Amino acid sequence: MDWRAFLLLAGAGVLGGIINALAGGATLITFPVMLAVGLPPVIANASNAVAIAPGHLLATLADRRKLPRFGMRLVWLGLAAGLGGAAGAIILLALPPRLFILPVPALIAFATLLFAFAPSIQAWSRRSPRGLVSSSDTRGGLLIAVASVYGGFFGAGLGVILTAVVSITDPGDIRTIKVLKNLLASFVSIAAIIIFVAKGMVQWRETIYMLIGALLGGYLGGHLIRVLPAVVVRWFVLVAGTVMTAIYAAQYWF
């Protein structure tokens with residue numbers, strides 16, 4: 001790997017870390033860069049999952065005082081997230097690589113649209129009646145598990161999905177919702193990563209380069225959030241997601 005690939009991976013990690021700190025949506029930047037340096041799509045997806053995973057856990061620890069009280073419901077939701085993430089990773093590895101390649105443009109497009117409508121989704125979910133789903137721990141856990149299967153399989157947009165589901169199943173102030181979302185996303189990532197590592201699907205050199213950049217970007221994002229308007233970051237992510245959708249649709253579909 002030459003120095004240009006190193007700079008590309010580390011730079012994408014920095015940018016992704018900043019984006020996650022300010023608005024979320026780093027995978028729309030980091031996953032295409034893993035592809036750009038020559039990794040096969042499934043390897044790129046697994047390596048990207050490892051590179052950006054610490055961001056969720058760091059965000060959880062940073063606001064841990066807002067975590068819900070430890071109890072059986074939190075254990076159940078965490079178990080649902082972990083099992084869902086593991087199932088998504090297993091499905092990914094069980095599919096022939098060409099069957100993952102084909103939906104990649106659609107997955108990026110879906111994640112971009114989800115990101116675009118995230119504020120509306122989250123506003124709607126916070127207005128939903130408290131009893132809509134929370135009356136059943138089983139249904140709430142199943143919703144988390146379904147969202148987590150997607151997260152283990154691909155992951156872009158998982159934060160938005162989990163935020164919406166958590167807002168319905170565990171209504172509360174936005175900080176509590178966000179910290180629970182980050183905790184559940186950590187369980188999804190850890191479960192998927194264990195499987196990816198066990199199966200030898202992670203390209204460690206590229207992953208470490210991006211991971212270093214992502215950690216730096218997360219730190220910088222914590223400071224930039226005070227001065228940089230989130231709308232600027234949102235538009236950057238939306239444009240990047242749209243461009244990447246077009247590029248990979250042309251590459252894999254035509």
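What follows is calculated from the coordinates using simple rules that are stated; it is not laboratory data. Source: prediction; values computed, not measured.
Can you give the extra length, in nm with one decimal, that the chain gains between Leu7 and Leu216 once fully stretched, where that is 0.36 nm per residue apart less the Cα-Cα distance? Each step should come with its number before you reach the end.
Values: separation 209, 0.36 × 209 = 75.24 nm, distance 1.36 nm.
Full extension of this stretch gives 73.9 nm more.
Give the dimensionless ratio obtained when the Cα radius of gyration of the chain is divided by 2.2 N^0.38 Å.
Values: Rg = 17.3 Å, N = 254, 2.2 N^0.38 = 18.0 Å.
Normalised Cα radius of gyration, the chain: 0.96.
By how many nm would the segment from Lys66 to Phe254 grow when fully extended, if each residue of separation counts as 0.36 nm and the alpha-carbon distance is taken off? Show your work: numbers first, answer last.
On the way: separation 188, 0.36 × 188 = 67.68 nm, distance 4.81 nm.
The Lys66-Phe254 span can extend by a further 62.9 nm.
Helix-derived [θ] at 222 nm for the chain: sum -39500 (n - 2.57) over DSSP H runs of at least 4, divide by residue count, nearest 500?
Per the formula, -26500 deg cm²/dmol.
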